[in-house]
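Novice: One structure follows; several queries about it will come next.
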Amino acid sequence: MAADHSHSSVSHDAHGDAAAHEHTHPDWGTYKWVALILTLITALEVWIYYLPSFTATRLFVPTLLALSAIKFAIVVMFYMHLKYDAKLFRALFIGPLLIASFIIVGLLFLFNHIKIQF
Amino acid sequence: MATTVSLPPTPYTATTHKYESGLWSWLSTTDHKRVGQLYLYTSLFWFLVGGLEAGMIRTQLYGPNGHFVSATTYNELFTMHGTTMIFLVIMPLSAAFFNFLIPLQIGARDVAFPRLNAFSYWVFLFGGLFINASWFFHAAPNAGWFGYAPLTTRPYSPGLNIDFWVIGLQILGISSLAAGFNFITTIINMRAPGMHFMRMPVFTWMAFITQFLIVLAFPIITVALTFLMLDRFFGTNFYEVSAGADPLLWQHLFWLFGHPEVYILILPAFGLVSEVIPVFSRKPLFGYPVMIYSGILIAFLGFGVWAHHMFAVGMGPIADSFFSITTMLIAIPTGVKIFNWLGTMWGGSLRFTTAMKFAIGLVALFTIGGISGVMHASPPSDLQQTDSYFIVAHFHYVLFGGSMMGLFAGLYFFYPKITGRLMGEKAGSWHFWLTAIGMNLTFFPMHFLGLHGMPRRISTYDAGQGWEQDNHLASYGAILIVIGTCFFVYNWFRSMKTGKVAGNDPWGGATLEWMIPSPPPDYNFATIPNVTSRYPLWDRKSPRLTAEVPHGSAAETKIDVEVAGQKTGTLPAPSDTTGNAASPQPVTSSAKQLGIVMPTPTIRPLLAALSLGSVFIGLIMHKNLPIMFLAAICFMLSLYSWLLTPLEPEHH
Amino acid sequence: MATAAIESHDPHAGAHPATSTGLNNTKIAIWAFIGSECFFFASLISTYLIYKGRSLVGPFPHEAWTDPSTHQVFKAILNIPITSVSTFVLLMSSLAMVLAHSAVVRGDRKSSKIWLASTALLGATFLGFQAYEFTSFVHEGLTIHTNLFGSSFFILTGFHGAHVTAGVIWLLTLLFIDIKRGLTPDEAINVDVCALYWHFVDVVWIAIFTLVYLIK
């Protein structure tokens, strides 16, 4: 049994931070604020959609993209607790997400939805 | 610990452990080694089928105006030859090695999800049978292995042919994806103590990278195939040019998958060769970390080169330049690998076993294919070469000369671990030389055929265009390959009975799989090893070889690994620094005697795979909704019954 | 010795079974799956965006269209107010989901049932909105056959809906287990994995809502 015990204690040291993070999940207070912010951003998005003066400007699309990126990031960081979780999960998610985003941009470029001006 | 001095070679006795045999034990198995063998035999069978198709192609093209088969059949032959060799041979043959080797190499007792593993195999088996069932309906797929839409949409391909292809590939995709998630988790989470990432065998590393390519590239083809399926069965407009669809959409989506797929096909072979060459050179792999990084870089760049398959469609100078440059960049990490293999052999004490010959075959022949690849990375050259036999020559050098040679090297190298006996070296040598000479005789003249203007995929050609001689040569070469393959098949089955008994470690291997009996007991390791370097067995048997390789000590305080539930209490004490990594594994009691809990065999993955397959059968039967619905219900039921049953026997 | 081995091998033995990284196998697998799903939805979204504005006939998402032969007028088809509400519903389901998870972690059987049920209910409500949206589009003359927009819109949002449906089934299964025998804190990982999937489906919708519905 001695070997068993020493082994598990070693492993506990090594994984201490992963395990500790799991227990520092955000609480009801954080969740509530996150939900409120998400709702407000969504309201803002819909509001600017109905502003003809704003939709006509070149800022409209970038603003919407930025707002939804913020929502996306908030959900991923807090609800999917990537902010608090092991770094491995971050790598497993953000790596593919970045490549996938590059591919979307690349395809839009190839199909002439995005143009480069020289 | 029993002993820390070098141990005498373990005598092989057939009675050391007994597998349960019988059909049921195979249908319900969750043992990664058995699943690996199922993959192995299934893919070798398809290799013979794909080879038969290739033989028929070469017969047809032997001389001008060939009439061995009709043009229609010819279309089916080259489509099925490509589809079979890629999806039913090279990928599953690699999967056979993933299954068999990954847990052994990382010191685990099974994969992370043993039942999912069995499910992957059954789905693969079903997908292969599904596509090939088309032959019996006289409706084999006939639009090329990349099935360009709109050619493959209903108006241009009205028959069942493409239905079989599109649904079959969809099924095979499910199998690859499920296996991908499984192996990613296994490699991250099932490593033995001390098996840091930078101590993992290179095969496991390449397998790891390949799994990422699979799980990231297959969703793209899934979407592309789904669009095609919806267009064909439900009348959507994704590839319907009359509705304004872009004919390039399929090409982009397909090659977005297709190029990473190329690396899915070659990286496992690179991994196998990286195991074989160091052992038969008696030297650690030259530049291990660079080998890993270049593998990662190849995979990463692999997502940014897809449109080099499409230079001829006219994407404009910016896109052409971009994809040309990224393609040429990939040659750098690939070249690094070639030179590292050469560096490993340099100054080593080489043993030219059959496995080593095939490994060197990969290094030489893949290099030729790689260089012709760099040629058509340049758009102006590509416009000359695309859709000609030059391309056929190129990808056969990388896939046959590369992947298949590497896989053959792996088969000869690991045959003793799988079966307990060595494969005959003499027949192996015949196999190698016939294959290598035949391969060059077949595919090298195709470079000239291509440059002389012979297009791909034509069923006949007229006399007097200067193509006769090279086509003769190619067909002669194919005969040599066929004879070589006969040697292989003969050798395979004969060695099973009469081969020399292998023992644990017939080659003087360096990695964990060679410390356990051949074939391994179902639990693999009676004691989970504690790993202190990349070459745990060499540390013990010939420490001189690994003097310059970084080592941890067994007493190192930070053991960052621990294997699920495998604290059997017999782990080496931390003070044991005399190479406990390779401490002898007892010969051999059953898992029960050792108190090791193994997953319960179960038929549920097979049932799930069968019912999932039946959904697709319903689809191809003109959208037979009752069958599809019933099958879906069965699938849900078998899934629930699977997930709600514990993996292992309950203990109270 | 043998007993110890068996105990530590039992998947239900602890919330953190011993693995190389100390992380749970299923959780690694679900994150790998989510990474894979990024590519799945990236392909669908790319196709939608590539075909945006390329439909030869209407109805169109953001502008009205008059059929030149019949002079029938089709109004812009997307219903932003309704979809904003369903978006809000899905966001709230994510909130319910995290609360369900934290209730299971605390061992609070009563709240865990309430929040699991609310999550499933909110998900089902979202699906209801989607069913309403799809049927009303069909009534207004947009089907998967009509034009490129119809094909790519229905398939993109349809696949998202299929993911929500799978999530609702998953949640109901967890709820059923919770009601029948109670989910223990040790099993919180099962809820966590389901939650990760659920939130991912939510973030996909965040992207779709902006890219499909709001950007004109």
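The values are calculated or read from the model by the stated rules, or taken from the named source; none is laboratory data. Note that the coordinates shown come from a computational prediction; the quantities given were computed from them, not determined experimentally. Positions of Cβ are generated from backbone atoms using ideal geometry, with glycine treated the same way; all protein chains shown enter the neighbour counts.
Novice: Sort out which residues of the range A:38-65 are at the interface with chain C (Cβ under 10 Å from one of its Cβ atoms), surrounded by 13 or more Cβ atoms within 10 Å (Cβ to Cβ) and not polar (S, T, N, Q), and write them in order of number.
Specialist: A:Leu38, A:Ile41, A:Glu45, A:Val46, A:Ile48, A:Tyr49, A:Phe60, A:Val61, A:Leu64, A:Leu65
Novice: Determine whether the range C:156-175 contains at least one residue that is more than 14 Å from chain B (Cβ to nearest Cβ), out of contact with any His (no Cβ under 6 Å at 6 or more places or on another chain) and not in a helix (DSSP H, G or I).
Specialist: Within the range C:156-175 (the criterion being more than 14 Å from chain B (Cβ to nearest Cβ), out of contact with any His (no Cβ under 6 Å at 6 or more places or on another chain) and not in a helix (DSSP H, G or I)), the answer is no, since none of the residues qualifies.
Novice: In this structure, is B:Gly464 over 23 Å from B:Lys417 (Cβ atoms), out of contact with any Asp or Glu (no Cβ under 7 Å at 6 or more places or on another chain) and either among the charged types (D, E, K, R) or not in a helix (DSSP H, G or I) (or both)?
Specialist: yes
Novice: Now for a separate question. Determine whether B:Phe257 is free of Cβ contacts under 8 Å to residues at least 60 places away in the same chain, buried (at least 21 other Cβ atoms within 10 Å of the Cβ) and under 23 Å from B:Ile391 (Cβ atoms).
Specialist: Here the answer is yes, as B:Phe257 does meet what is asked.
Novice: Then there's this: Is it the case, given these coordinates, that B:Leu104 is of a type in the set (A, V, I, L, M) and buried (at least 24 other Cβ atoms within 10 Å of the Cβ)?
Specialist: yes
Novice: Does the range B:208-223 hold any residues that are facing another protein chain (nearest Cβ under 7 Å) and aliphatic (A, V, I, L, M), and which are they?
Specialist: Hits for the range B:208-223 are B:Val215, B:Leu216, B:Ile220, B:Val223.
Novice: Something else now. Taking the range C:26-40 on its own, how many of its residues are among the β-branched types (Val, Ile, Thr), more than 7 Å from every other protein chain (Cβ to nearest Cβ) and under 18 Å from A:Ile94 (Cα atoms)?
Specialist: 1
Novice: If you take the residues in the range B:41-53 that are touching a residue at least 24 places away in the same chain (Cβ under 8 Å) and within 18 Å of B:Phe487 (Cα to Cα), which one is surrounded by the most Cβ atoms within 10 Å (Cβ to Cβ)?
Specialist: Filtering first and then ranking leaves B:Ser43.
Novice: Just the residues that are at the interface with another protein chain (Cβ under 7 Å from one of its Cβ atoms), over 16 Å from A:His81 (Cα atoms) and touching a residue at least 60 places away in the same chain (Cβ under 8 Å), please, taken from the range C:85-105.
Specialist: C:Thr87
Novice: Inspect all residues belonging to the range B:460-467 and state whether any of them is assigned by TED's automatic domain parsing to the domain that holds B:Leu40 and buried (at least 21 other Cβ atoms within 10 Å of the Cβ).
Specialist: Scanning the range B:460-467 turns up at least one residue that is assigned by TED's automatic domain parsing to the domain that holds B:Leu40 and buried (at least 21 other Cβ atoms within 10 Å of the Cβ).
Novice: On the given criteria, is C:Val138 of a type in the set (A, V, I, L, M) and under 30 Å from C:Ser102 (Cβ atoms)?
Specialist: When the stated conditions are applied, C:Val138 does not pass them.
Novice: Follow-up. Checking the structure you have, find out if any residue of the range B:138-154 is in contact with a Pro (Cβ under 7 Å, 6 or more places away or on another chain) and in a helix (DSSP H, G or I).
Specialist: So far as the range B:138-154 goes, no, none of its residues is in contact with a Pro (Cβ under 7 Å, 6 or more places away or on another chain) and in a helix (DSSP H, G or I).
Novice: Out of B:Phe68, B:Phe97, B:Phe87, report the one residue that is among the hydrophobic types (A, V, I, L, M, F, W, C) and in contact with a Gly (Cβ under 7 Å, 6 or more places away or on another chain).
Specialist: B:Phe97
Novice: Is it fair to say C:Ala32 is in contact with an Asp or Glu (Cβ under 9 Å, 6 or more places away or on another chain), among the hydrophobic types (A, V, I, L, M, F, W, C) and within 30 Å of B:Ile528 (Cβ to Cβ)?
Specialist: It is false that C:Ala32 is in contact with an Asp or Glu (Cβ under 9 Å, 6 or more places away or on another chain), among the hydrophobic types (A, V, I, L, M, F, W, C) and within 30 Å of B:Ile528 (Cβ to Cβ).
Novice: Among (1) more than 13 Å from B:Ile418 (Cβ to Cβ); (2) modelled with pLDDT of 95 or more, where does B:Gln37 come up short?
Specialist: The single condition B:Gln37 does not satisfy is (1).
Novice: Among the residues in the range B:71-89, are any touching a Lys or Arg at 6+ places or on another chain (Cβ under 7 Å) and crowded, with 21+ Cβ neighbours inside 10 Å?
Specialist: Yes, the range B:71-89 contains a residue that is touching a Lys or Arg at 6+ places or on another chain (Cβ under 7 Å) and crowded, with 21+ Cβ neighbours inside 10 Å.
To keep it simple, each residue is scored yes or no on (1) part of a helix (DSSP H, G or I); (2) modelled with pLDDT of 95 or more; (3) under 15 Å from the mean Cα position of the chain (by Cα).
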position: A:Phe54; (1), (2), (3): yes, no, no
position: A:Arg58; (1), (2), (3): no, no, no
position: A:Phe72; (1), (2), (3): yes, yes, yes
position: A:Phe78; (1), (2), (3): yes, no, yes
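Novice: Turning to a different aspect of this structure: Out of the residues in the range B:227-247 that are facing chain C (nearest Cβ under 9 Å) and in a helix (DSSP H, G or I), which is nearest to the chain's Cα centre (by Cα)?
Specialist: Among those that are facing chain C (nearest Cβ under 9 Å) and in a helix (DSSP H, G or I), it is B:Phe227.
Novice: Same structure, new question: Give the residues of the range B:602-652 that are outside any helix (DSSP H, G or I), touching a residue at least 24 places away in the same chain (Cβ under 8 Å) and of a type in the set (D, E, K, R), sorted by residue number.
Specialist: Within the range B:602-652, B:Lys623, B:Glu648 meet the criteria.
Novice: Is it the case that some residue within the range B:123-132 is touching a residue at least 40 places away in the same chain (Cβ under 8 Å), among the aliphatic types (A, V, I, L, M) and more than 27 Å from B:Tyr263 (Cα to Cα)?
Specialist: No, there is no match, as no residue in the range B:123-132 is touching a residue at least 40 places away in the same chain (Cβ under 8 Å), among the aliphatic types (A, V, I, L, M) and more than 27 Å from B:Tyr263 (Cα to Cα).
Novice: Let me ask another. Filter the range C:41-62 down to the residues that are out of contact with any Leu (no Cβ under 7 Å at 6 or more places or on another chain) and touching a residue at least 24 places away in the same chain (Cβ under 8 Å), then identify the one that is nearest to the other protein chains (Cβ to nearest Cβ).
Specialist: The extreme case among them is C:Leu56.
Novice: Hey, B:Asp110 hits all of (1) at pLDDT below 95; (2) within 30 Å of B:His309 (Cα to Cα) but one; which does it fall short on?
Specialist: (2)
Novice: Restricting to the range C:112-138, count the residues that are more than 26 Å from C:Ile50 (Cα to Cα) and either within 14 Å of chain B (Cβ to nearest Cβ) or of a type outside the set (Gly, Ala, Ser) (or both).
Specialist: Selection size over the range C:112-138: 12.
Novice: Also, quick follow-up: State whether the residues of the range B:411-429 include one that is in contact (Cβ under 8 Å) with a residue 24 or more places away in the chain, within 30 Å of B:Phe448 (Cα to Cα) and assigned by TED's automatic domain parsing to the domain that holds B:Cys486.
Specialist: yes
Novice: Continuing with the same structure: Condition first: within 24 Å of the chain's Cα centre (by Cα) and farther than 25 Å from B:Val49 by Cβ. Can you find one or more residues in the range B:429-450 that meet it?
Specialist: Looking for residues that are within 24 Å of the chain's Cα centre (by Cα) and farther than 25 Å from B:Val49 by Cβ, one finds at least one in the range B:429-450, hence yes.
Novice: Condition (residue is closer than 17 Å to B:Lys417 by Cα and touching an Asp or Glu at 6+ places or on another chain (Cβ under 7 Å)) applied to the range B:517-527: is it met by at least one residue?
Specialist: Looking for residues that are closer than 17 Å to B:Lys417 by Cα and touching an Asp or Glu at 6+ places or on another chain (Cβ under 7 Å), one finds at least one in the range B:517-527, hence yes.
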